[in-house]
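In what follows, a structure is listed as structure tokens, so that the remarks can point back to it.
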Amino acid sequence: MSMASLNVTQIQQPKAKQKPSLDTLVFTYSSSQDGVDENLLILFHGFGDTHIPFVKLAKSLKLPQTATLAIRAPELIPFLLEDDPQGFQWYSTYSPLGELLPNPNPSSTLEDLTRLLVHLVEECNWSSERIHLFGFGQGGSIATELGLQWNRTHRKDLGSVITVSGPLLS
């Protein structure tokens, strides 16, 4: 067979992924340790924590072909003493009098996180099916609510949603 009769098709490299850039959220983005960013794992910490331990968790997982995005919850927890380390929450859990809210409302946070997902898909070239959500406690509730809302409003699936001790609020 001669070289002239071969049909050769150039292999398309995956689109380069851009680092997310939104002013409304504090986060740490890390490319995959193997240099191939095919999946994105978004991590949501629990009530009273920050994103920093989840940055360390993500690095220790060493997931192949998976970039990570650890996000800090937007609200500073009220009622902390001066010497207490800063802690954050995804939505208000206590009333101004310090009483547990029976029906917390994560709507404003979900709006910001939905904008983040739109940004990741439309501007950073992530396929929604390659985006995975992982949350613990209050962050797990946010992950499940976000996944559910995304599916309802965009009619597209996310890759997966994993929650540890985070109930569905709606």
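The values are calculated or read from the model by the stated rules, or taken from the named source; none is laboratory data. Given the structure is predicted, the values throughout are model-derived calculations rather than measurements. Virtual Cβ from ideal backbone geometry, glycine too; neighbours counted across all protein chains shown. To get the accessible areas, we keep the full protein, side chains included, count just its heavy atoms, and leave off ligands, DNA and RNA. Shrake-Rupley method; radii C 1.70, N 1.55, O 1.52, S 1.80 Å.
Do the conditions hold for Leu146, that is, is it part of a helix (DSSP H, G or I), of a type outside the set (Asp, Glu) and touching a Leu at 6+ places or on another chain (Cβ under 6 Å)?
yes
Residue-wise test of (1) open to solvent by less than 80 Å² (accessible area, probe 1.4 Å); (2) touching a helix residue (DSSP H, G or I) at 6+ places or on another chain (Cβ under 8 Å); (3) on the phi > 0 side of the Ramachandran plot.
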residue	(1), (2), (3)
Gly46	yes, yes, no
Val55	yes, no, no
Pro64	no, no, no
Ala67	yes, no, no
Ala70	yes, yes, no
Gly87	yes, no, no
Pro102	no, no, no
Asp112	yes, no, no
Val121	yes, yes, no
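For the stretch 122-170, enumerate the residues that are closer than 17 Å to Asp49 by Cα, touching a residue at least 40 places away in the same chain (Cβ under 8 Å) and among the β-branched types (Val, Ile, Thr).
Ile142
Checking Thr153 against (1) in a helix (DSSP H, G or I); (2) closer than 20 Å to His45 by Cβ; (3) out of contact with any Gly (no Cβ under 6 Å at 6 or more places or on another chain), which single condition isn't satisfied?
Against the list (1) in a helix (DSSP H, G or I); (2) closer than 20 Å to His45 by Cβ; (3) out of contact with any Gly (no Cβ under 6 Å at 6 or more places or on another chain), Thr153 comes up short only on (2).
With (1) among the polar types (S, T, N, Q); (2) surrounded by 14 or more Cβ atoms within 10 Å (Cβ to Cβ); (3) over 28 Å from Glu38 (Cβ atoms) as the list, and Ser160 as the residue in question, which single condition is left unmet?
So Ser160 meets the others, but not (3).
Name the single residue, out of those in the stretch 139-157 being in contact with a strand residue (DSSP E or B) (Cβ under 6 Å, 6 or more places away or on another chain) and of a type outside the set (A, V, I, L, M, F, W, C), that is farthest from Asn105 (Cα to Cα).
Gly147
Pairs only if they're at least six apart or on different chains, beta carbon under 6 angstrom, first in the stretch 50-72 and aliphatic (A, V, I, L, M), second assigned to a loop (DSSP other than H, G, I, E, B) and modelled with pLDDT of 95 or more; list them, first residue then second.
Hits for this filter: Ala70/His51; Ile71/His51.
Would the stretch 91-109 turn up any residue that is within 14 Å of the chain's Cα centre (by Cα) and in contact (Cβ under 8 Å) with a residue 60 or more places away in the chain?
So in the stretch 91-109, the residues within 14 Å of the chain's Cα centre (by Cα) come out as 109.
If we keep only those that are in contact (Cβ under 8 Å) with a residue 60 or more places away in the chain as well, we get none.
No, the conditions are met nowhere in the stretch 91-109.
Taking Arg115 as meeting all but one of (1) under 13 Å from the mean Cα position of the chain (by Cα); (2) at pLDDT 95 or above, write down the number of the exception.
(2)
Consider the stretch 63-99. How many of its residues are at pLDDT 90 or above and outside any loop (DSSP other than H, G, I, E, B)?
Within the stretch 63-99, residues that are at pLDDT 90 or above and outside any loop (DSSP other than H, G, I, E, B) number 10.
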